[in-house]
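Here the structure comes first, spelled out in structure tokens, and everything after it is commentary.
The values are calculated or read from the model by the stated rules, or taken from the named source; none is laboratory data. These figures come from a predicted structure and were not determined experimentally. Glycine gets a Cβ as well: all are built from the backbone with ideal geometry, and neighbour counts include every protein chain shown. Only protein heavy atoms, including side chains, enter the accessible area calculation; ligands, DNA and RNA are left aside. Shrake-Rupley method; radii C 1.70, N 1.55, O 1.52, S 1.80 Å.
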Amino acid sequence: MGVILGVIFHFIGGFASGSFYMPYKKVKGWSWESFWIIGGLFSWLIVPPLAAYLTIPGFMDIIKAAPSSIIGTTFLMGLLWGIGGLTYGLGVRYLGVSLGSSIILGLCSVFGSLVPSIYYYFNPKEGKDTIADLSGTTWGLTVLAGLLLCLIGIIICGKAGGMKDKDLAAASTADSGSGDLLHGGEADYAHSHRDASGSEFYLVKGLILAIISGVLSACFSFGIEAGNSMGATANEIWKAAHPGEGEFLFRNNVIFVVILWGGLTTNLIWCLILNARNKSFGDYTNGKSPLLKNYLLCALGGTTWFLQFFFYGMGESKLGNGASSWILHMSFIILVANMWGIALKEWKGVTQKTRTTIIAGILTIILSVLIVGYGNQLHEKAKEKAAATAAVQ
């Protein structure tokens, strides 16, 4: 029953992560930077402390008692991860929910697995696996094979994106008739170069942002590692108050507060720069737009985004396998994001060959994620076996 609950919790978390951008697409009359930062205030500033308050009494005392070096490092990782989150939003904006999420999450899986192992190779720490461990063990080679397959899937998705770009360009040329570029053809193309969902589609710009997002998203795991002592303190306090009830389900909520402060800082600075550059500060009080509806949609999008972490922690506690839980979580996000892509008709108007290519790319990424998860399962079993052997000796 615990495993079933764990899978259900991960599905809810994956659904939240794969769906959070949907409310933003309904915002009317606001620039991207305006709705992104209003939603971000809920994602990074309002909801995380609220969740911590409801689950960890005295969470701010834990943060205040932590050494400044721990707070600073955790915040810095959040700052870097915030760039990844910012570029995630832009990547989805320019590639669409389906293609953008598949590529970004695939890259996140790759770099999230490789970056920590490379870091710990040069900065060894007991209990942490290095790139040498990956290349010298069965489980490690399985993980590397999965990551290689993931890269292949990303390349296939990128190819599908290029094919979609050509399909949309051909459609816009057909729609523009015989008008030449000097008399409106170029403007017509720029305006109509959108998919059936109405989203802007810029392949090269979107791919660059997706790569940046995938690399920097690995910093979130470093942030959790950096703030681990705060989570341990929350765990000890809870276990003292609830003897015999196992580990604390929400111990990481106190760490999320500090990490997301960093994410807020990055996104707030960039969005304010865009507000100034695009002269969009008036969005927040523009009476010609549905203000109340826009604010409610942003609040819904931001809150939905944070819920992925809330339910991820619950799922991990039930499954008892952090690495495999992450893989399951990522798989659900990719599946949900692509369900939304279909619902939004992001691939309508392209050729059958293009649709077949993107489906092949997505299935390849999902298969790669499952292979990585299997490799991590082998790793967990190897550690359990080694621990049992050591106990006997």
Checking Tyr21 against (1) within 15 Å of Ala299 (Cα to Cα); (2) part of a helix (DSSP H, G or I), the condition it does not meet
(2)
May I ask you to list pairs of residues, at least six apart or on different chains, whose Cβ atoms are under 9 Å apart, with the first in the stretch 381-393 being closer than 17 Å to Thr138 by Cβ and the second being among the β-branched types (Val, Ile, Thr)?
Ala382/Thr137; Ala382/Thr138
Pick from the stretch 24-42, criterion among the aliphatic types (A, V, I, L, M) and in a helix (DSSP H, G or I), ranking: nearest to Thr285 (Cα to Cα):
Ile38
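Just to be sure, is Phe11 within 19 Å of Thr304 (Cβ to Cβ), out of contact with any strand residue (DSSP E or B) (no Cβ under 7 Å at 6 or more places or on another chain), in a helix (DSSP H, G or I) and at pLDDT 90 or above?
Considered against the rule, which asks whether it is within 19 Å of Thr304 (Cβ to Cβ), out of contact with any strand residue (DSSP E or B) (no Cβ under 7 Å at 6 or more places or on another chain), in a helix (DSSP H, G or I) and at pLDDT 90 or above, Phe11 comes out as no.
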Single residue of Gly361, Gly341, Gly375 found to be open to solvent by less than 50 Å² (accessible area, probe 1.4 Å) and within 18 Å of the chain's Cα centre (by Cα)
Gly341
Taking the conditions exactly as written (in contact with an Asp or Glu (Cβ under 6 Å, 6 or more places away or on another chain) and either buried (at least 21 other Cβ atoms within 10 Å of the Cβ) or more than 29 Å from Tyr202 (Cα to Cα) (or both)), does Ser34 satisfy them or not?
yes
Report whether or not Gly206 is outside any loop (DSSP other than H, G, I, E, B), buried (at least 23 other Cβ atoms within 10 Å of the Cβ), touching a Cys at 6+ places or on another chain (Cβ under 9 Å) and in contact (Cβ under 8 Å) with a residue 60 or more places away in the chain.
no
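Scan the stretch 79-106 for residues that are in contact with an Asp or Glu (Cβ under 7 Å, 6 or more places away or on another chain) and buried (at least 24 other Cβ atoms within 10 Å of the Cβ) and report the count. Walk me through how you get there before you give the answer.
Going through the stretch 79-106, the residues in contact with an Asp or Glu (Cβ under 7 Å, 6 or more places away or on another chain) turn out to be 93-94, 96-98.
Subset that is buried (at least 24 other Cβ atoms within 10 Å of the Cβ): 96-98.
Residues that pass the stated criteria total 3.
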Of all residues in the stretch 50-63, how many are of a type outside the set (Phe, Trp, Tyr) and open to solvent by less than 30 Å² (accessible area, probe 1.4 Å)?
6
Which count do you get for residues in the stretch 211-230 that are modelled with pLDDT of 90 or more and surrounded by 22 or more Cβ atoms within 10 Å (Cβ to Cβ)?
2
Tally of residues being at pLDDT below 80, within 22 Å of Phe220 (Cα to Cα) and among the aliphatic types (A, V, I, L, M) across the stretch 94-133
9
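Just to check your reading of the model, which residue among Leu45, Leu76 is open to solvent by 10 Å² or more (accessible area, probe 1.4 Å), out of contact with any Cys (no Cβ under 8 Å at 6 or more places or on another chain), assigned to a helix (DSSP H, G or I) and within 27 Å of Asn294 (Cβ to Cβ)? Walk me through it before giving the result.
Details: Leu76 fails: within 27 Å of Asn294 (Cβ to Cβ).
Criteria check complete, one pass: Leu45.
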So if I check each of Gly244, Gly282, which one is of a type outside the set (A, V, I, L, M, F, W, C) and modelled with pLDDT of 90 or more?
Gly282
